[in-house]
1. Assign unit charges at the C-beta atoms only (+1 for Lys and Arg, -1 for Asp and Glu), then state the dipole size of the chain relative to its Cα centre in Debye, rounded to the nearest 20.
2. Over the chain, with the other protein chains present, what is the accessible area per residue in square angstrom, probe 1.4 angstrom?
3. Could you pull out every residue, at least 5 positions away or on a different chain, whose amide H is within less than 5 Å of the one on residue 88? Hs are placed 1.01 Å off N in the peptide plane, and Pro or chain starts have none.
4. Please list, in chain and number order, the residues 5+ apart from residue 169 or on another chain whose amide H is under 5 Å from its amide H, with Hs placed from the backbone.
5. For segment 229-246, take each phi angle, set θ = phi - 60°, evaluate the Karplus expression 6.51 cos²θ - 1.76 cosθ + 1.60, and give the result in whole Hz per residue in order, putting x for glycine and proline.
6. Rounded to a whole number, what is D in µm²/s for segment 186-292 from Stokes-Einstein with the Kirkwood radius over alpha-carbon pairs (25 °C, 0.890 mPa s)?
7. Compute the Cα gyration tensor for the chain, then decide on rounded, prolate or oblate, letting a ≥ b ≥ c be the square roots of its eigenvalues: rounded whenever a/c is under 1.5, prolate when a/b is larger than b/c in the other cases, and oblate in all that remain.
8. Over the chain, calculate the relative contact order: mean separation of alpha carbon pairs under 8 Å at least 6 apart, over the residue count, as a percent.
Amino acid sequence: MTTSLVKDAAGMDKVVLREPLGATAQVHLYGGQVTSWKNERGEELLFLSCKLLRSVQAIFKPPKAIRGGIPVCFPQFSNLGTLEQHGFARNRVWAIDTDPPPILNSSGSGSCSSNKNSTVDLILKSSEDAWPHSFEVRMRVTLKRGGDLAQTIRVRNTNTDNKSFSFTIALHTYFSVSDINEVRIEGLETLEYMDNLQQRKRFTEQGDSITFDGEVDKVYLGAPTKIAIVDHEKKRTIVVKKEGFPDAVVWNPWDKRAKAMSDFGDDEYLHMVCVEPAVIETPITLKPGEEWRGRQELSAVPSSYCSGQLDPGKVLQGK
Ligand code: BG6
């Protein structure tokens, strides 16, 4: 298992994770952002805007966020507060955390990253941010043997003035898909959601899996720990397992909004979907010294056909 720090085409630092069967992942220090996750056949599983890739220096100028991969929205999701859209964490340079405290499991014992995995630990500390709080955000990104990608994120209140703080957060994961018209999301049926396109009014999702024929921007409340993105054309299903994130956002800008985004190609909406583990409806509040932890683990599995149909139920149950 190897981990190396290199420069990208724009001279920005990124960490490359490799596992022996050939899967790779990349994490930029800018934004603490995972920007690539490839399976052992070298197929990219995350979406990154081509506009960004083709002319990285022309289009991408910090403090703009990198369009694609897995931006971290912290300490504010969307415009739900007074800070910049999606908070500042995606526009800051994170550092490599050389001595991360162990990640405690529910029994209180520490879990160290196994040496069978390729791992990097990053940290973002408070600076002169618009946010009047002292904090540490730690993120461990692990490429597991076999190619699954895990991200554990911890937020600690390090205020010395006895003040609590509250935040919302999301792992804004952009998945690469063959054709959005052929994609289904399983696991969110019948859930209540807030529709960001209708002043966050609440609705209940119908019983069928979610398909796409226009712009979607929904926050599902009380989403299950497993969500499947079934890509019919690629015969591939991505399973998102999440812990600590009660909500899940599903976003596709569709054609009109895509055209209005300067860092996004006009037709790129066809080849991406965001499914984002999130804490939105009930913000997390931490007292000084307290820590919150959330985790997502992504796996790509071949979709199997059953009487001409995919069987996402089996995928969701891990069968
Ligand atoms: C999603 C939001 O998470 O992110 C959308 O639900 C938003 O409302 C989208 O448009 C992209 O946000 P941004 O700031 O990266 O353009």
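1. Details: 40 positive and 41 negative charges, 139 e Å.
My answer is approximately 660 debye.
2. Details: 14220 Å² over 319 residues.
Result: 45 Å² per residue.
3. The answer is 74, 76.
4. 77, 279
5. Here the 3J(HN,Hα) series is 10, 9, 9, 4, 5, 7, 6, 9, 10, 9, 9, 9, 10, 10, 9, x, 10, x Hz.
6. Details: Rh = 15.2 Å.
Estimated diffusion coefficient is 161 µm²/s.
7. Numbers: a/c = 1.30, a/b = 1.21, b/c = 1.08.
It is rounded, given that a/c, with a ≥ b ≥ c, falls under 1.5.
8. 17 percent
The values are calculated or read from the model by the stated rules, or taken from the named source; none is laboratory data. No experiment lies behind these values; they were computed from the predicted model shown. Glycine gets a Cβ as well: all are built from the backbone with ideal geometry, and neighbour counts include every protein chain shown. What goes into the accessible areas is simple: the full protein's heavy atoms, side chains included, and nothing from ligands, DNA or RNA. Shrake-Rupley method; radii C 1.70, N 1.55, O 1.52, S 1.80 Å.
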